[in-house]
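Participant: The structure's right below; bear with me while I get my questions together.
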Amino acid sequence: MSGGRSVNTSPRAIHHLNCGTMCPRGARMLAGEGGLLAPTRLVCHCLLIEGAEGLVLIDTGFGLDDVGRPRQLGRLFTTICRPRLDAGETAISQIRGLGFDPADVRHVITTHLDLDHAGGLPDFPDAEVHLLGLELEAALHPRWHERLRYVAAHWAHGPRWVEHETGGEQWFGFDSVRPLPDSDEEILLIPLPGHTVGHTGVAIRRGEGWLLHCGDSYFHHGEVQTPPHCPPGLRAFAAFDEVDAKARRSNVERLRELALRHGEEVELVCSHSAPTLARYV
Ligand SMILES: [Zn+2]
């Protein structure tokens, strides 16, 4: 049982956490300003929801094992993305810092299992880990071009996977799946494939509106603005890192339309935009 701060259920609180900072070089191409070789700052935007039955964590960023053993992330990734790997930024440290017991994280929902999203899974070994079945299949049996993005050490502890399938009720014209059907929480998985085969957004009811965590569906906040814009280096990186270009581009376009038509009701965030995270912290 928890020895930490009691969970606030009314109104539900959503904490926006940066669970990993990356400082790749190339600020002008990646962020649209700064020196050609200057480092820029990317974050790992995660959400901690105080739910009626405990805490729900959306994505985990990097974990304590990554901080202790950065080599498990692979040399290519650490060389290009230059993660800071600070124990104080891990979800488990920040959850303790908020006064909660990490054991109260009953559910982790992952947008996908890329190494910069799943690194914290070993820090919550008793939580149920919700994701689309397609993503679990891809991560456990990666094809040759997927081998560098998934790190098997992140699930060597045997997570309590809960796989969900695409389909279900419609949400603003998107398919949706309810990962916690018996819960009072209104949380939906919104499948957004393309970056990975089983990539999903996560929509959270917040009063009259919704917060949609879009994961890595897009990297730059300007991609879902009208007219859209994205620094060329980030556009190239997104193309390099996608498994299905057509699906990814189509989903970015659908998200831009969603923001244009329903921006009053639905707020969009993505994983790696520091300016977007700065709106909340
Ligand atoms: Zn990512």
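Participant: For Leu55, indicate whether it is under 17 Å from the mean Cα position of the chain (by Cα), more than 16 Å from the ligand (Cβ to nearest atom) and either modelled with pLDDT of 95 or more or on the phi > 0 side of the Ramachandran plot (or both).
Facilitator: Yes.
Participant: Being touching a residue at least 24 places away in the same chain (Cβ under 8 Å) and within 16 Å of the ligand (Cβ to nearest atom) narrows it down to one of Leu98, Leu115, Leu136, Leu180, so name that one.
Facilitator: Among Leu98, Leu115, Leu136, Leu180, only Leu115 is touching a residue at least 24 places away in the same chain (Cβ under 8 Å) and within 16 Å of the ligand (Cβ to nearest atom).
Participant: Now a separate question. Is it fair to say Glu50 is away from the ligand (no atom under 15 Å from the Cβ), in a strand (DSSP E or B) and modelled with pLDDT under 95?
Facilitator: yes
Participant: Here is a further query. Just checking, does the stretch 223-243 include any residue being at pLDDT 95 or above, over 25 Å from Val56 (Cα atoms), among the small types (Gly, Ala, Ser) and in contact with a helix residue (DSSP H, G or I) (Cβ under 7 Å, 6 or more places away or on another chain)?
Facilitator: There is no residue in the stretch 223-243 that is at pLDDT 95 or above, over 25 Å from Val56 (Cα atoms), among the small types (Gly, Ala, Ser) and in contact with a helix residue (DSSP H, G or I) (Cβ under 7 Å, 6 or more places away or on another chain).
Participant: Tell me which residues, restricted to the stretch 109-123, are in contact with a Pro (Cβ under 8 Å, 6 or more places away or on another chain) and either surrounded by fewer than 17 Cβ atoms within 10 Å (Cβ to Cβ) or closer than 18 Å to Arg69 by Cβ (or both).
Facilitator: Selection gives Asp116, Leu121, Asp123.
Yes/no matrix, rows are residues, columns are (1) within 15 Å of the ligand (Cβ to nearest atom); (2) touching an Asp or Glu at 6+ places or on another chain (Cβ under 9 Å); (3) in contact (Cβ under 8 Å) with a residue 40 or more places away in the chain:
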position	(1), (2), (3)
Trp171	no, no, no
Pro191	no, yes, yes
Gly194	yes, yes, yes
Ala203	no, yes, yes
Pro231	no, yes, yes
Glu267	no, no, yes
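Participant: May I pose another question? When residues of the stretch 129-153 are filtered for being buried (at least 20 other Cβ atoms within 10 Å of the Cβ) and over 17 Å from Gly63 (Cβ atoms), how many remain?
Facilitator: 6
Participant: Assess whether Asp126 counts as being surrounded by fewer than 21 Cβ atoms within 10 Å (Cβ to Cβ), of a type in the set (D, E, K, R), touching a helix residue (DSSP H, G or I) at 6+ places or on another chain (Cβ under 8 Å) and at negative phi.
Facilitator: yes
Participant: Gly26 - would you say it is surrounded by 15 or more Cβ atoms within 10 Å (Cβ to Cβ), over 21 Å from the mean Cα position of the chain (by Cα) and modelled with pLDDT under 95?
Facilitator: Spelling it out, Gly26 is indeed surrounded by 15 or more Cβ atoms within 10 Å (Cβ to Cβ), over 21 Å from the mean Cα position of the chain (by Cα) and modelled with pLDDT under 95.
Participant: I'd like to know if the stretch 29-50 contains one or more residues that are without any contact (Cβ under 8 Å) to a residue 60 or more places away in the chain, crowded, with 21+ Cβ neighbours inside 10 Å and farther than 27 Å from Arg147 by Cβ.
Facilitator: So far as the stretch 29-50 goes, yes, one or more of its residues are without any contact (Cβ under 8 Å) to a residue 60 or more places away in the chain, crowded, with 21+ Cβ neighbours inside 10 Å and farther than 27 Å from Arg147 by Cβ.
Participant: Show me the strands (runs of 3 or more DSSP E) found entirely inside the stretch 71-176 where at least 1 residues are among the aliphatic types (A, V, I, L, M), at pLDDT 95 or above and in contact with a Gly (Cβ under 8 Å, 6 or more places away or on another chain).
Facilitator: 105-109, 128-132
Participant: Go through the stretch 189-225 and count every residue that is of a type outside the set (D, E, K, R), touching a strand residue (DSSP E or B) at 6+ places or on another chain (Cβ under 9 Å) and not in a loop (DSSP other than H, G, I, E, B).
Facilitator: Residues meeting the conditions: 15.
Participant: Then there is this: Checking Ser271 against (1) in a loop (DSSP other than H, G, I, E, B); (2) closer than 21 Å to Gly207 by Cα: exactly one of these is not met. Which one?
Facilitator: Unmet condition: (2).
The values are calculated or read from the model by the stated rules, or taken from the named source; none is laboratory data. Given the structure is predicted, the values throughout are model-derived calculations rather than measurements. Counting neighbours? That spans all protein chains shown, and the Cβs are built from the backbone with ideal geometry, glycine included.
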